[in-house]
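Single-structure report; data block below.
The values are calculated or read from the model by the stated rules, or taken from the named source; none is laboratory data. Not measured: the values here are computed from a predicted model. Note that we place each Cβ from the backbone using ideal geometry, even for glycine, and neighbour counts take in every protein chain shown.
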Amino acid sequence: MTVQLLRLYSGFVWVHREGTGNDSLRGVSGVDVDLDMHTERTPNPDSVKWVLGAPLVDRGQPVSLEVETSPEVSPLGARLLALEGVASILLASNSITVCRESRMEWPVLGEAVSRVIQEWQSSGEAVLGPAFQVSQSGKSDQVILRIEEVLNDEIRPYVEQDGGAVSFEGFDAGIVRVRLRGACETCPNAAMTLKLSIEARLCEEVPEVEAVEAI
């Protein structure tokens with residue numbers, strides 16, 4: 001596998017692995033992360049996505065976790081959120097998006113995150129614990145089911161590619177309410193993503209939808 005230098009990014013050496021189309025990173029020590037794991041930049045400079053070679057959670061059900069998460073809720077999440085400088089994480093189908101506190105530098109934090117993920121992989125612990133509960137939104141009629149279908153099939157996969165997630169929170173009087181998480185949560189392009197991508201697609205596919213709002 002050929003590796004060529006691509007660019008410098010916040011102290012990391014970003015390299016392109018030919019044949020994959022993905023960016024990977026090395027920390028300042030120059031040591032590659034595990035071959036089953038690579039990192040990808042997101043549009044949000046405060047978020048980086050770690051892509052693993054194995055499924056983590058069900059597609060369409062990303063899990064957003066913030067500080068003070070118990071190991072009973074997520075053993076993996078608790079390990080990562082215990083790191084200084086980690087503000088929140090998003091567990092998606094095969095990736096982990098880590099959002100940093102703005103004062104932290106990626107060279108130090110990135111190596112710590114990679115180390116914790118590798119330690120978790122070796123521990124045999126589950127991703128989610130017995131205290132985890134999936135948030136259930138009301139899904140009472142065909143319009144809502146259609147909205148969820150479009151979100152699952154056409155919107156979420158693309159949002160997840162950038163380390164983000166979008167969850168359906170409600171529908172009333174033509175207004176769809178969603179919550180943006182992960183890299184999307186603090187991204188400067190979040191409003192554009194909401195209007196040009198999510199709202200435009202839902203209005204096109206579901207005539208009853210007039211607008212989309214983030215909460």
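Within segment 74-113, the residues that satisfy the criterion of being in a loop (DSSP other than H, G, I, E, B) and under 22 Å from Pro55 (Cα atoms) are Ser74, Ala92, Ser93, Asn94. When segment 155-213 is filtered for residues that are of a type in the set (A, V, I, L, M, F, W, C) and within 17 Å of Asn44 (Cα to Cα), the ones remaining, listed by number, are Val159, Ala165, Val166, Leu180, Ala183, Cys184, Cys187, Ala190, Ala191, Met192, Leu194. Would you confirm, using the coordinates I've provided, whether Thr69 is outside the structural domain of Asn152 (by TED's automatic domain parsing), within 28 Å of Asn152 (Cβ to Cβ), modelled with pLDDT of 80 or more and in a loop (DSSP other than H, G, I, E, B)? Against the criterion (outside the structural domain of Asn152 (by TED's automatic domain parsing), within 28 Å of Asn152 (Cβ to Cβ), modelled with pLDDT of 80 or more and in a loop (DSSP other than H, G, I, E, B)), Thr69 qualifies. At least 1 residues being in contact with a strand residue (DSSP E or B) (Cβ under 6 Å, 6 or more places away or on another chain) and at positive phi is the threshold, and among the strands (runs of 3 or more DSSP E) wholly inside segment 151-215 those reaching it are 164-172, 175-182. Of the residues that make up segment 127-140, is at least one of a type outside the set (Phe, Trp, Tyr), out of contact with any Asp or Glu (no Cβ under 9 Å at 6 or more places or on another chain) and at pLDDT 85 or above? Yes, the conditions are met somewhere in segment 127-140. If only residues of segment 87-114 that are out of contact with any strand residue (DSSP E or B) (no Cβ under 6 Å at 6 or more places or on another chain) and aliphatic (A, V, I, L, M) are counted, the one that is surrounded by the fewest Cβ atoms within 10 Å (Cβ to Cβ) is Val108.
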